[in-house]
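Below is one structure, written out as structure tokens; the observations come after it.
The values are calculated or read from the model by the stated rules, or taken from the named source; none is laboratory data. Predicted model only: the values in this text are computed from it and were never measured. Cβ coordinates were reconstructed from backbone atoms using ideal geometry, including for glycine residues, and neighbour counts include every protein chain displayed.
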Amino acid sequence: MHRDEHTPTVSFELGPVVCTPAALEALAACGTDPLHLLSRHARGDWGDLCDDDKRANDDALRTGARLMSAYTLPDGQKLWVITDAEIDNKHHRQATTFLLPDEY
């Protein structure tokens, strides 16, 4: 069930979207629009993850577990987008966070 840019949008709540200062600086340094990456994440384009991690995300869409995408910025730096696990049985999620891997 891996997705690409031609796959319809998946359905999960993002919650509030936040970005660490270091991730914001990395995005700005490359001229990368965070909304583009957020859109990819929201439609299930998990980016540069291995197949096992992509399958874990696909499973998390059903179970409410944490969702994670990894993208490589134009300068080669990695950026993660993580949507927290559901906090209740109504599919609410606490937040979606842009961060660098060393901030996890």
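A compact table of results
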{"quantity": "Residue in the range 24-31 that is out of contact with any His (no Cβ under 8 Å at 6 or more places or on another chain) and loosely packed, with under 11 Cβ neighbours inside 10 Å present", "calculated": "yes"}
{"quantity": "Candidate set from the range 76-104 (those that are in a strand (DSSP E or B), without any contact (Cβ under 8 Å) to a residue 60 or more places away in the chain and among the β-branched types (Val, Ile, Thr)); member that is surrounded by the fewest Cβ atoms within 10 Å (Cβ to Cβ)", "calculated": "ILE82"}
{"quantity": "Which numbered condition LEU27 fails, given (1) outside any strand (DSSP E or B); (2) out of contact with any Cys (no Cβ under 8 Å at 6 or more places or on another chain); (3) at pLDDT 95 or above; (4) not β-branched (Val, Ile, Thr)", "calculated": "(2)"}
{"quantity": "Scope the range 19-53; condition more than 11 Å from the chain's Cα centre (by Cα), closer than 16 Å to ASP84 by Cα and not hydroxyl-bearing (Ser, Thr, Tyr); matching residues", "calculated": "CYS19, ASP53"}
{"quantity": "Set LEU61, LEU35: member being of a type outside the set (S, T, N, Q), in a helix (DSSP H, G or I) and free of Cβ contacts under 8 Å to residues at least 40 places away in the same chain", "calculated": "LEU35"}
{"quantity": "Residue, nearest to ALA29 (Cα to Cα), within the range 48-69, restricted to residues that are crowded, with 17+ Cβ neighbours inside 10 Å and modelled with pLDDT of 95 or more", "calculated": "SER69"}
